[in-house]
1. Quick one: would you say Gly198 is part of a helix (DSSP H, G or I), at pLDDT 95 or above and either under 20 Å from the mean Cα position of the chain (by Cα) or closer than 20 Å to Pro246 by Cα (or both)?
2. Identify, please: which residue in region 115-146 is surrounded by fewer than 24 Cβ atoms within 10 Å (Cβ to Cβ) and assigned to a strand (DSSP E or B) and is, among those, nearest to the chain's Cα centre (by Cα)?
3. Please go through (1) closer than 29 Å to Pro193 by Cβ; (2) in contact with a helix residue (DSSP H, G or I) (Cβ under 9 Å, 6 or more places away or on another chain); (3) surrounded by 16 or more Cβ atoms within 10 Å (Cβ to Cβ) for Glu250 and return the number of the only condition it doesn't satisfy.
4. Just need a number here: residues in region 142-159 that are over 19 Å from Gly104 (Cα atoms) and out of contact with any Phe, Trp or Tyr (no Cβ under 6 Å at 6 or more places or on another chain).
5. Give the residue that is least open to solvent (accessible area, probe 1.4 Å), with candidates limited to residues of region 157-195 that are charged (D, E, K, R) and assigned to a strand (DSSP E or B).
6. Within region 196-204, does at least one residue satisfy the condition of being in contact with a strand residue (DSSP E or B) (Cβ under 7 Å, 6 or more places away or on another chain), among the hydroxyl-bearing types (Ser, Thr, Tyr) and surrounded by fewer than 16 Cβ atoms within 10 Å (Cβ to Cβ)?
7. When residues of region 99-114 are filtered for being more than 18 Å from Ile167 (Cβ to Cβ), open to solvent by 10 Å² or more (accessible area, probe 1.4 Å) and out of contact with any His (no Cβ under 6 Å at 6 or more places or on another chain), how many remain?
Amino acid sequence: MSDVTGVMPGIHPTAIVSPRAELGDNVTIGPYAIVGEGCTLGDGCTLEARAILEKNVRLGVNVTVGIGTVLGGDPQDLKFKGEQTWVEIGDGTRIREYSTINRGTAQSFKTTVGKGSFLMSYVHLAHDCHVGDGVIISNATQLAGHVTVDDRAIISGVSAVHQFVKIGRYCFVGGCSRVAKDIPPYTKAVGNPIKLYGLNSVGLQRNNFPDEVIRELKRAYRLFFRSDLNVSQALERAESELQQFPEVQEFLRFVSDSGRGVVI
């Protein structure tokens with residue numbers, strides 16, 4: 001990786017690249033794209049036409065940024081006072097056209113997307129969002145500030161996620177949903193108002209979860225969301241009656257520790 005001091009192979013002559021940016025090997029930067037100061041592009045990255053990395057964006061290797069996408073803009077937060085914050089994108093992630101990802105604030109100092117994720121067109125991630133590995137976020141979905149999306153979750157198109165919401169691993173969120181509370185891992189939810197619709201069994205099977213783990217997760221789901229028990233009672237029974245696979249323990253911790261409360 002080297003500092004940029006002039007036009008390099010793979011950089012279109014109309015692109016603008018800051019001398020304070022760093023580019024890896026085999027980087028492609030398309031027509032009228034802009035790479036601002038403090039930006040780092042790993043090996044094999046592609047910025048398509050008119051993509052903009054405004055400031056302090058770190059791309060891993062083989063990241064693709066689509067036409068007209070803007071990464072690293074100032075956070076849309078009145079508390080932001082110009083502190084040095086970042087956007088970080090993991091290896092192999094694809095971001096399609098006209099998406100926007102804002103830098104973090106002093107709350108976490110960064111907005112992050114993990115490895116191998118796929119953000120479709122017109123997706124917005126606000127400041128201090130943290131998206132895990134292998135996540136799919138479909139067209140025109142909007143995440144407010146401080147949202148966490150754990151590994152392998154799928155959020156369908158035209159959904160809106162309230163600030164500070166957490167979406168657990170392997171969740172499936174249906175299209176046009178308004179997500180105002182946390183969604184436990186391994187479940188599926190959809191609607192406005194959003195509701196749970198059972199375990200994401202198809203997703204778990206596709207990802208080769210053992211049958212016995214799926215069975216115990218279903219039992220945990222029924223205890224918390226299809227019984228007359230309160231959270232404390234359901235947790236007590238789950239800890240005594242269920243096999244404590246790591247996935248089951250994760251489910252129990254998520255529900256019992258939820259700050260915003262969980263979707264039901």
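The values are calculated or read from the model by the stated rules, or taken from the named source; none is laboratory data. Just so it is clear, the structure is predicted and the values come from calculations on it, not from any experiment. Glycine gets a Cβ as well: all are built from the backbone with ideal geometry, and neighbour counts include every protein chain shown. Quick note on the areas: whole protein, heavy atoms, side chains included, nothing else; ligands and nucleic acids left out. Shrake-Rupley method; radii C 1.70, N 1.55, O 1.52, S 1.80 Å.
1. no
2. Only one residue fits best here, namely His130.
3. The single condition Glu250 does not satisfy is (2).
4. Taking region 142-159 as the starting set, the residues that turn out to be over 19 Å from Gly104 (Cα atoms) are 151-159.
From what is left, the residues that are out of contact with any Phe, Trp or Tyr (no Cβ under 6 Å at 6 or more places or on another chain) are 151, 153, 155-159.
The qualifying residues number 7.
5. Asp182
6. Looking through region 196-204, at least one residue is in contact with a strand residue (DSSP E or B) (Cβ under 7 Å, 6 or more places away or on another chain), among the hydroxyl-bearing types (Ser, Thr, Tyr) and surrounded by fewer than 16 Cβ atoms within 10 Å (Cβ to Cβ).
7. 4
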